[in-house]
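Undergrad: Here it is: the structure, laid out below.
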Amino acid sequence: MQGVRVARITHFAAVSENPVINQIVSILTNGHGEQILPALVALALTFTSIWMLKGRFWAFIYVALIPFLNWSFGVIPEFQVVEPGHAGLFSSGVSLHPMTVVTGMVFVVRDFVQREMHHRVLVVMAMAVAWSFYYAWPVIALASGVAFAISEGVDWLLFTFTKYRLSTRILLSSALAAPVDTTVFLYGADLAKQIEFGADPGNSLHVWNWIVFVIGKMIGAVVVSAIIRRREDLGLTNPAEL
């Protein structure tokens, strides 16, 4: 009986005529509607684990944000700030992905997760990277996973072991993590475009792209740091808080 019920749920999700349901199923399964049941079970286990590890609002946002961003880099196209083909410094062009600024917010969100969960944030980081392999191109997910492992490790070390005020730690941890993350991620994106589209080497990883991505990622950190510093000065936030 249980097997029949499971089959009906899976079949309903796969053949529903409701476009809203179909869209939700497609999002949750990355276009593989037949996998809706195991995907829902895996998501439920993930969020239950986070809750049991004392993760709350920021932890759930973090685990959802990383796979979403990695998915977006394979689906949402970049736009050209400077078209390739120009002579001199801009011969490779300069591109910017619309989600770059949001990507910069990942480091800030991680800092808030650490305030919720302390060192258990490392487990949540691993969960988020693992889900990226389901929702993103394998090459992008691998590059992102390596990038996050390195940059978030740097971020975690600085945020954990320095005695700077909270607003300063948020800004410095992002300033150290963003360049590392950008370098590794753009290398992976460069390689993915070579494999998927036959693009030339250096299509993504070049100096101007690197600069634009790092600046984009730092915008969010600067804004949040300024807000936190204001709250510290007003006595609303403890500057020594982890």
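Undergrad: Please verify whether V123 is closer than 23 Å to W58 by Cα and among the β-branched types (V, I, T), treating the condition exactly as stated.
TA: The answer is yes for V123.
Undergrad: Taking the stretch 182-207, which residues are under 14 Å from V94 (Cα atoms) and more than 17 Å from the chain's Cα centre (by Cα)?
TA: D190, G202, N203, S204, L205, H206, V207
Undergrad: For the structure I just gave you, tell me whether S92 is at pLDDT below 85, in a loop (DSSP other than H, G, I, E, B) and surrounded by 14 or more Cβ atoms within 10 Å (Cβ to Cβ).
TA: Here the answer is yes, as S92 does meet what is asked.
Undergrad: When you scan the stretch 98-191 for helices (runs of 4 or more DSSP H) that lie fully inside it, which ones turn up with 2 or more residues that are over 18 Å from V224 (Cβ atoms) and modelled with pLDDT of 80 or more?
TA: 121-135
Undergrad: I'm trying to understand the selection: among the residues of the stretch 26-50, which are in contact (Cβ under 8 Å) with a residue 60 or more places away in the chain, closer than 18 Å to I61 by Cβ and within 19 Å of the chain's Cα centre (by Cα)?
TA: T46, I50
Undergrad: Another question, if that's okay. With of a type outside the set (K, R), crowded, with 21+ Cβ neighbours inside 10 Å, in contact (Cβ under 8 Å) with a residue 60 or more places away in the chain and in contact with a Gly (Cβ under 8 Å, 6 or more places away or on another chain) as the only criterion, which of I170, I140, I219 stands out?
TA: After ruling out the rest, the residue left standing is I140.
Undergrad: Which residue out of V180, V139 is closer than 20 Å to F107 by Cα, in contact with a helix residue (DSSP H, G or I) (Cβ under 7 Å, 6 or more places away or on another chain) and assigned by TED's automatic domain parsing to the domain that holds I66?
TA: Within the list V180, V139, the selection yields V180.
Undergrad: May I ask you to list pairs of residues, at least six apart or on different chains, whose Cβ atoms are under 8 Å apart, with the first in the stretch 177-192 being buried (at least 23 other Cβ atoms within 10 Å of the Cβ) and the second being aliphatic (A, V, I, L, M) and at pLDDT 80 or above?
TA: These pairs meet every condition: A178/V214; A178/M218; A178/A221; T182/V214.
The values are calculated or read from the model by the stated rules, or taken from the named source; none is laboratory data. These figures come from a predicted structure and were not determined experimentally. Cβ atoms come from the backbone with ideal geometry, glycine included; neighbour counts cover every protein chain shown.
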